[in-house]
1. Filter region 121-140 down to residues that are crowded, with 22+ Cβ neighbours inside 10 Å and within 16 Å of the ligand (Cβ to nearest atom) and give me whichever is farthest from the chain's Cα centre (by Cα).
2. What are the residues in region 98-116 that are in a helix (DSSP H, G or I) and either within 17 Å of Ser285 (Cα to Cα) or within 16 Å of the ligand (Cβ to nearest atom) (or both), if any?
3. Would you confirm, using the coordinates I've provided, whether Leu257 is touching a Phe, Trp or Tyr at 6+ places or on another chain (Cβ under 8 Å) and part of a helix (DSSP H, G or I)?
4. For the condition buried (at least 17 other Cβ atoms within 10 Å of the Cβ), more than 21 Å from Phe134 (Cβ to Cβ) and within 21 Å of the chain's Cα centre (by Cα), what is the one hit in Asn238, Asn196?
5. Counting just the residues of region 82-97 that are within 11 Å of the ligand (Cβ to nearest atom) and assigned to a loop (DSSP other than H, G, I, E, B), which one comes out surrounded by the fewest Cβ atoms within 10 Å (Cβ to Cβ)?
6. When the residues of region 141-176 are filtered to those that are free of Cβ contacts under 8 Å to residues at least 60 places away in the same chain and more than 10 Å from the ligand (Cβ to nearest atom), which remaining residue is farthest from Gly290 (Cα to Cα)?
7. Can you tell me which residue among Ala79, Ala75, Ala50, Ala59 is in the same structural domain as Gln27 (by TED's automatic domain parsing) and more than 13 Å from the ligand (Cβ to nearest atom)?
8. Can you find a residue that is touching a residue at least 40 places away in the same chain (Cβ under 8 Å) and surrounded by fewer than 16 Cβ atoms within 10 Å (Cβ to Cβ) anywhere in region 244-259?
Amino acid sequence: MKALRTGVIGVGHLGRFHAQKYQKISQLQGVFDTDFARAEDVAKELGCAAFTSMEELLAQVDAISVVTPTIHHYAATLAAVAKGVHCLVEKPFTYSLAEADDLLLRARENGVLVAVGQIERAQVVMQHLRGLGFASPRYIEAERLAPFKPRSLDVDVIMDLMIHDLDLVMMLCGSRVAEVRAVGVAAVTEQADMANAWVTLGNGSVANLAASRVVREAARRMRIFWPDRYASVDFLLNRLTFYRKGPGAVPGIPGVLEEVVELAPQDALEEEIRSFLAAIAGQGSVLCTGQEGRDALDAALGVGQAVKRFLETSSQSSAKGS
Ligand code: NAD
């Protein structure tokens, strides 16, 4: 992995962290950003080159991260794929499904790897849970609540936050979203800032997902139900709590056994980038494939459409009522 030559396109808030990880575990050649002063700052910090054109950077690397605003993911990834450069594209993969499908096709034609930065797969609680090899849960509840930040406002809260849980739900169930009911509210921006979705998967499992980017206190939790057990997942505390029937002593719930698993924090971004570089070197697989990133986008767009329909109907009914 140390031998791989890498770069980052778009070194704003998150892109700078990508560049730091590449510098640690590969040969970071340089960065490109349409804001050249920003590229120079990051290049100076990490001792690499600040390129004045994306093409110059692409000519010198084996792999890159695309960490521009979502609207530019397609053009940057297309340019990289055309040059035979492997890409880790931040989430959401692209802005539209047509763009995602086109990139997947071109990646296949050019024999390059395209991975998507659905970083919640790299959280230590998810990796632990997956390692247990349980069958598909029947029901999942998730909440992902974040204080307002003036970033990622080119997309709604579904593409910004809920997409993480849609992706995890599909991963845990091994099935894609088949049916969606959703509501949402535009609280601060012009797009939905809070949303609640009820999704049914192809295998019959169900998930209820809540997301908000305008709360005072952050929460990232998931409750996962199987016929014989239940897991409560806290992504912020790196804690998994399992409950199952047995000779336990949970106060107030007779006959239920509780097991708490506290995990050491893990650098999820480094884990994601390590898997990407290892997969290029033929040593394992990426955490989220381009196809899985495309499926997460598809699900998020479906929820977004349901929310838009809700917002339209509720504004029509309030107009009639007034
Ligand atoms: P940001 O605005 O801080 O940074 C974006 C950078 O891209 C800026 O420096 C900008 O100058 C540069 N840029 C814009 N257009 C460009 C282009 N065509 N070519 C090269 N550079 C360009 O945004 P951010 O918060 O770092 O988000 C970037 C991406 O990362 C978004 O797609 C966002 O959805 C994603 N993101 C993912 C997560 C996650 O949990 N995985 C978290 C935050 C952001």
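The values are calculated or read from the model by the stated rules, or taken from the named source; none is laboratory data. From a predicted model like this one, the values you see are computed outputs, not experimental measurements. Cβ placement follows ideal geometry from the backbone for every residue including glycine, while neighbour counts extend to all protein chains displayed.
1. Val125
2. Here is the first cut: in region 98-116, the residues in a helix (DSSP H, G or I) are 98-110.
Hits for region 98-116 are Glu99, Ala100, Leu103, Leu104, Ala107, Arg108.
3. On the way: touching a Phe, Trp or Tyr at 6+ places or on another chain (Cβ under 8 Å): yes; part of a helix (DSSP H, G or I): no.
Considered against the rule, which asks whether it is touching a Phe, Trp or Tyr at 6+ places or on another chain (Cβ under 8 Å) and part of a helix (DSSP H, G or I), Leu257 comes out as no.
4. Details: Asn238 fails: more than 21 Å from Phe134 (Cβ to Cβ).
So the residue among Asn238, Asn196 that is buried (at least 17 other Cβ atoms within 10 Å of the Cβ), more than 21 Å from Phe134 (Cβ to Cβ) and within 21 Å of the chain's Cα centre (by Cα) is Asn196.
5. We begin by selecting, within region 82-97, every residue within 11 Å of the ligand (Cβ to nearest atom); these are 88-95.
Next, only the ones that are assigned to a loop (DSSP other than H, G, I, E, B) stay: 91-95.
Values: Lys91: 22, Pro92: 26, Phe93: 34, Thr94: 28, Tyr95: 19.
Selected residue: Tyr95.
6. The residue in question is Val157.
7. Details: Ala79 fails: more than 13 Å from the ligand (Cβ to nearest atom); Ala75 fails: more than 13 Å from the ligand (Cβ to nearest atom); Ala50 fails: more than 13 Å from the ligand (Cβ to nearest atom).
One residue alone meets the criteria, Ala59.
8. Here is the first cut: in region 244-259, the ones touching a residue at least 40 places away in the same chain (Cβ under 8 Å) are none.
No, every residue in region 244-259 fails to be touching a residue at least 40 places away in the same chain (Cβ under 8 Å) and surrounded by fewer than 16 Cβ atoms within 10 Å (Cβ to Cβ).
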